[in-house]
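These notes concern the structure reproduced below.
Here, each number is a calculation from the coordinates, and none is a lab measurement. Everything numeric in this text was worked out from a predicted model, so none of it was measured. Cβ placement follows ideal geometry from the backbone for every residue including glycine, while neighbour counts extend to all protein chains displayed.
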Amino acid sequence: MADDKPDIAWRVIGGLVGLATAWAAKKVLGFVWVKATGKEPPVDAEAPEVSLGEAIGYAVVMGVGMQVAQIVVNRTAKKRYDAWRAVKQVTPKP
């Protein structure tokens, strides 16, 4: 079925939404990390001055936080896009 494949507009919108979400989530999670720990997020988790606990903690926070943000935003954007397409298809053309 042709309807099973996402159209080109959704692919573009989804890609842009993904990029924006990743950027925003990284900024927000970095801010939360600073407020929670009082330290800047580790730039290089493999650096010897970063403790193993801090490196793992940051990886878990970033991994889970980024994935949750992507899921929530992508699902919301897809619902909005599908609703917009449904209205566009139902609306008669003059």
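General remarks:
- Label-to-label distance, nm, for residues given as PHE31 and GLU49 (7 Å Cα→Cβ offset): 2.6 nm
- Given charges at Cβ of Lys, Arg, Asp, Glu: the chain dipole, positive-most of ILE56, VAL87, ALA9: VAL87
- Stretching ARG85 away from GLN67 to a fully extended chain increases their span by 3.8 nm, per 0.36 nm per residue minus the current alpha-carbon distance.
- Phi to ³J(HN,Hα) by Karplus 6.51 cos²θ - 1.76 cosθ + 1.60 over region 68-82, Hz, x for Gly, Pro: 4, 4, 4, 4, 4, 5, 5, 5, 5, 4, 5, 4, 5, 5, 5
- Labels on offer are (1) 14, 33, 23, 16, 10, 4, 1; (2) 11, 24, 12, 9, 7, 8, 12, 11, 5, 1, 0; (3) 15, 39, 27, 13, 4, 2, 0, and the one holding P(r) over Cα pairs in 10 Å bins from 0, in percent computed from this structure is (1).
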